[in-house]
Structures are given as structure tokens and as C-alpha cells.
Amino acid sequence: MRRLHAMLNYAGYLRATPLLEPNEEGLDRIIDTNLGGVFFGCQAAAPALQRSGAEPSSIGGR
């Protein structure tokens with residue numbers, strides 16, 4: 001049986017726009033990708049990581 005031992009969130013989206021030209025659609029895309037992607041990726045991987053006995057950590061080890 002294969003087990004998941006680690007999960008790496010290594011993706012992001014950035015769109016450079018002038019600060020005084022607000023663009024809610026652009027901001028929503030950045031937040032959905034950068035925050036939502038990490039959250040939902042971790043949520044999907046959590047059950048398999050728990051079954052394999054993996055401990056949560058970060059690059060900083062905290």
C-alpha cells in the first residue's frame with residue numbers, strides 16, 4: 001500500500017497592477033490561488049498524512 005509522507009504547497013499567482021487602480025477580480029484570483037490552494041490542498045492531503053503517521057510542520061519547523 002502506498003502512503004503519503006509529505007505535502008508541498010509550492011504554487012502562487014501574482015499580478016502586478018498599480019496600487020491606485022483597484023481590481024477586485026484580480027485580488028480575488030490571487031487570494032483564491034495563494035490562500036485557497038494551500039488550504040484545500042492541505043485539507044485533501046490531511047487524512048492520508050494522518051494515516052501514514054506524518055507530523056505537521058513548515059519550512060521553519062514550527
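The values are calculated or read from the model by the stated rules, or taken from the named source; none is laboratory data. Treat the numbers as computed from the prediction; the structure is a model and nothing was measured. Counting neighbours? That spans all protein chains shown, and the Cβs are built from the backbone with ideal geometry, glycine included. Quick note on the areas: whole protein, heavy atoms, side chains included, nothing else; ligands and nucleic acids left out. Shrake-Rupley method; radii C 1.70, N 1.55, O 1.52, S 1.80 Å.
Could you list, in sequence order, the residues of the stretch 17-37 that are open to solvent by 100 Å² or more (accessible area, probe 1.4 Å) and assigned to a loop (DSSP other than H, G, I, E, B)? Of everything in the stretch 17-37, those that are open to solvent by 100 Å² or more (accessible area, probe 1.4 Å) and assigned to a loop (DSSP other than H, G, I, E, B) turn out to be Leu19, Leu20, Glu21, Pro22. Considering the stretch 3-16, the residues that are open to solvent by less than 100 Å² (accessible area, probe 1.4 Å) and touching a Ser or Thr at 6+ places or on another chain (Cβ under 6 Å) include one that is farthest from Leu49 (Cα to Cα), namely Tyr13.
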